[in-house]
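Structure first, commentary second.
Read the figures in this text as sums done on the coordinates, not as results from a lab. From a predicted model like this one, the values you see are computed outputs, not experimental measurements. All Cβ positions, even for glycine, are placed from backbone atoms using ideal geometry, and neighbour counts span all protein chains on display.
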Amino acid sequence: MAKGKRVYILYDGRACGGKGTDEAQVLVACGSAKEAASYKGQFGQMACYSYKRMFKPARLEDEKWEWDYQP
């Protein structure tokens, strides 16, 4: 993954509506928005957040709520 590229992480329904990810469980990490969208319907209610991936030091920054999936 290129420096500064966004990573997309799917969380359980506790993160829906942009509520945040502190209490939610990570379901899947994806390298693109298209890949993240391909998981809609596979885990029930979930939320997608994206982060800017930094390498030195290794961390995720700039949390952004992208979408919810609610069957």
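Computed over region 1-62, relative contact order equals 42 percent, with contacts defined as Cα pairs under 8 Å that lie 6+ residues apart.
Using DSSP to define loop residues, name the GluC sites (Glu not before Pro) in the chain whose beta-carbon has at most 13 other beta-carbon atoms within 10 Å. Taking the chain and a limit of 13 other Cβ atoms within 10 Å, the loop GluC sites (Glu not before Pro) found are Glu23. Per-residue ellipticity at 222 nm from helix content only, as computed over the chain with -39500 (n - 2.57) for each DSSP H run of at least four residues, stands at -1500 deg cm²/dmol. What you get for the chain, charging only the Cβ of Lys and Arg (+1) and of Asp and Glu (-1), is a dipole of about 400 debye around the Cα centre.
Students often get this wrong, so try it: which of (1) 63, 14, 4; (2) 21, 13, 9; (3) 28, 15, 10 is semi-axes √(5λ) of the Cα gyration tensor in Å as calculated from the structure shown? Matching the structure shown: (2). Qualifying trypsin sites (Lys or Arg not before Pro) in region 8-41, where qualification requires a DSSP coil assignment and no more than 16 other C-beta atoms within 10 Å, comprise Lys19, Lys40.
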